[in-house]
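See below for the structure under consideration.
The values are calculated or read from the model by the stated rules, or taken from the named source; none is laboratory data. Keep in mind it's a predicted model, so treat the numbers as computed, not measured. Cβ placement follows ideal geometry from the backbone for every residue including glycine, while neighbour counts extend to all protein chains displayed.
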Amino acid sequence: MTLEGHANAVTSLSWIESSRSSNNSNEGAKEAPWLVSGSWDGTARIWCLRANSCLCILDGHENTVSVAGLPPLDDDDDDGGAARAVVRRVVTTSAGIASGSSIRGHAVRIWQLKSSSSSSSSTNVVVTSELVAKVVDDHSGPIRDVTYDTFTEYIYTCSNDGTVKVRSSADGKCLYTLVHPASTAGNGDVPMLLSLCIVGGDDSSNKAVVAGAEDGTVIIWDVSSSSSSNRNAQIVAHPGCVWGVSSIVNYDNDSSTTATDFVTACHDGHVRVFTRVPSKMASDTAISTFQSAVSHARASRSTGPSADEIANLPRWEMNTLTQGRSEGQVQVFQRDGKAIAAQWSAASRTWIVVGEVTGSNANAGSIDGINYDHVFPIEIDMPGGGVRTLQIGYNNGDNPFVIAQTFIDTHTLNQGYLAQIADYIRQRAGETGPTLGMDGGGSSSSSSGSSSSNGGGTATTMMETTPIYNHIPVRGYKVFDAGVDKAGLGKVLSKICEFNNSALLSSKYRLTGSDIDNTLSSFIVTLSTTNRYHVSTISDIELGVVHTMITQWGVKYAFPALDLARVMVLHPDATCTKRRGYWIELLSCTLDMCLGLVDGTGLIVDEVAIPMLTMRLIANCYKGGSGSADAAGSMVDR
């Protein structure tokens with residue numbers, strides 16, 4: 001069986017139980033649970049497996065969606081009709097929307113689902129959804145996972161900000177917060193929490209919250225105490241990032257269920273099971289092997305920088321030429337063949353030596369035969385669905401923005417990813433910053449293992465140096481994306497309407513009321529919603545309206561359409577490979593208009609907006625899809 005409908009990668013699954021009681025003979029057998037799925041397309045879908053169909057779509061989410069089924073409501077308010085209302089519930093969370101260099105709008109939503117049929121297997125069942133509660137931005141970073149515990153009746157969410165929030169299942173509001181021990185230690189290096197589960201059944205004396213972290217640890221909070229201020233946390237180190245955790249239900253002889261164990265999924269490719277029951281513990285050999293793997297992973301992050309790494313660092317003798325960006329910034333230099341860490345003093349405008357660097361990152365590697373100090377995986381949400389995993393190489397001392405721009409150019413990615421990729425590099429290389437697709441307000445950072453020693457003390461360092469450029473400006477394509485919002489594009493539409501009503505414009509090429517009120521208005525909404533470019537599409541009808549205005553309205557009236565086109569060309573669906581011919585024809589027409597405006601001396605004599613917008617359009621073509629980029633490349637001879 002295949003359930004089709006999501007427009008992008010599916011990232012979360014859960015079950016939604018029915019409100020029918022299997023113990024009530026009058027109600028018959030308990031109804032089958034529904035499946036709920038969350039996706040990068042910004043929706044959650046409710047599925048009936050018996051009917052192999054989608055019953056309901058919960059849309060309006062901010063990027064990727066995590067889901068968890070909630071217990072159903074009682075039917076006490078039922079009116080006694082023949083078809084009783086089935087009221088099921090689900091909680092969904094979202095990762096938020098990029099706003100500059102941070103993520104905002106991540107939300108927790110609680111939904112009620114009502115079925116029109118007494119049987120969920122019916123092919124005619126109609127399910128209506130109602131949003132009954134919503135909580136926005138109470139985490140300071142994107143929400144990564146959500147789960148529900150039947151016995152405590154609490155909702156739990158984890159985030160990039162290194163916290164787990166325990167919530168009421170009635171309204172989603174936070175009751176108390178579990179904080180990663182690194183945060184309470186005050187070292188400012190709080191890892192992202194990627195997954196969580198609840199361990200302990202109906203016995204509240206052994207209840208625990210388990211979260212997998214990006215820094216290679218699993219945090220286990222003891223929540224059996226009634227005091228929210230007394231939450232003991234145990235940390236279990238792993239050899240790599242812990243991507244997922246899940247509780248394991250054990251069936252005792254009396255058929256009761258208790259989840260005393262949990263399983264972890266680690267970046268090193270191993271799945272490990274942990275237990276609270278002493279009699280079920282692994283052998284001494286297995287425990288020793290696990291501890292050795294953890295020790296080896298930590299040692300590989302603390303072997304010290306290599307001679308090549310030190311040679312690539314800026315020389316200490318030149319420190320006066322390197323200005324710090326802010327008070328307390330840590331910079332690594334080379335002095336007498338050693339790597340030293342220095343801290344910037346804004347008051348004296350000098351670097352103060354902290355000590356020698358005694359650790360390095362464990363991410364060194366090579367891409368296409370080229371060695372890098374760091375090689376990081378980056379998952380890119382691709383148009384049309386799916387996730388593409390790429391690798392980016394970074395050397396200590398490189399400018400993260402230059403590396404990010406080169407990466408975008410190499411893989412023909414959306415220019416909007418620039419800040420996210422640069423921040424991701426800074427984070428993974430040792431500087432706190434957001435992560436691509438999931439970045440946000442949390443002070444999350446991946447531990448690089450770099451440290452400095454001065455006497456007996458240690459201090460975390462940030463392995464970034466001030467770049468030295470051979471050429472100014474930095475190479476990279478200029479993108480003209482100003483005004484890509486409803487206000488800016490609304491002005492463009494207003495000018496198009498003005499020109500469309502001009503008596504001087506041939507009635508043969510005027511747009512109809514439907515073209516403006518329906519096609520262009522919908523088109524502008526799509527173009528202005530930049531965070532949805534990965535799932536939205538551009539129709540041939542919309543492309544055709546822009547084509548008519550540019551090719552038929554002439555130099556006097558075409559410039560607002562050109563302004564619309566330079567925004568349209570940034571949309572991946574509008575510029576895919578199959579539309580290469582469209583852009584060749586459009587660019588040829590715009591260049592012809594420019595040539596027609598040149599007088600005998602080679603100067604533009606009128607309508608200067610046409611060549612200006614044409615240049616902006618062509619520049620943006622290289623940031624669109626392969627169709628527009630190839631079309632712009634074919635214009636070289638023009």
Original post:
Which of (1) assigned to a helix (DSSP H, G or I); (2) at pLDDT below 90 does Glu607 not meet, given it meets every other one?
Top reply: (1)
Original post:
Residue check: is Leu520 closer than 26 Å to Ile408 by Cβ, at pLDDT 90 or above and surrounded by 20 or more Cβ atoms within 10 Å (Cβ to Cβ)?
Top reply: no
**OP:** Considering every residue within region 411-428, establish whether at least one is of a type in the set (Val, Ile, Thr), under 20 Å from Glu62 (Cα atoms) and modelled with pLDDT of 80 or more.
**Re:** yes
Original post:
Here are some residues: Ala293, Ala339, Ala282, Ala259. Which one is of a type outside the set (S, T, N, Q), modelled with pLDDT of 85 or more, surrounded by 15 or more Cβ atoms within 10 Å (Cβ to Cβ) and out of contact with any Cys (no Cβ under 6 Å at 6 or more places or on another chain)?
Top reply: Ala293
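Each row is one residue, and each column tells you yes or no for (1) at pLDDT 75 or above; (2) not β-branched (Val, Ile, Thr).
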| position | (1), (2) |
| --- | --- |
| Ala362 | no, yes |
| Gly369 | no, yes |
| Ile378 | yes, no |
| Gly384 | no, yes |
| Asp398 | no, yes |
| Phe401 | yes, yes |
| Asp409 | yes, yes |
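One line per residue, one yes/no per condition, for (1) surrounded by 16 or more Cβ atoms within 10 Å (Cβ to Cβ); (2) in contact (Cβ under 8 Å) with a residue 24 or more places away in the chain; (3) closer than 26 Å to Ala9 by Cβ:
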| residue | (1), (2), (3) |
| --- | --- |
| Leu527 | yes, yes, yes |
| Asn531 | yes, yes, yes |
| Val535 | yes, yes, yes |
| Ile538 | yes, yes, yes |
| Ile541 | no, no, no |
| Gly544 | no, no, no |
| His547 | yes, yes, no |
Subject >> Subset of region 413-429 (residues that are farther than 25 Å from Val484 by Cα and surrounded by fewer than 22 Cβ atoms within 10 Å (Cβ to Cβ)) >> reply: Arg426
Original post:
Does region 548-567 contain any residue that is under 32 Å from the mean Cα position of the chain (by Cα), of a type outside the set (A, V, I, L, M, F, W, C) and in the same structural domain as Tyr509 (by TED's automatic domain parsing)?
Top reply: yes
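Results for (1) small (Gly, Ala, Ser); (2) closer than 25 Å to Thr43 by Cβ, shown as yes or no for each residue.
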| site | (1), (2) |
| --- | --- |
| Gly483 | yes, no |
| Gly490 | yes, no |
| Ser494 | yes, no |
| Tyr509 | no, no |
| Ile538 | no, yes |
| Val546 | no, no |
| Gln552 | no, no |
| Ala558 | yes, no |
| Leu562 | no, no |
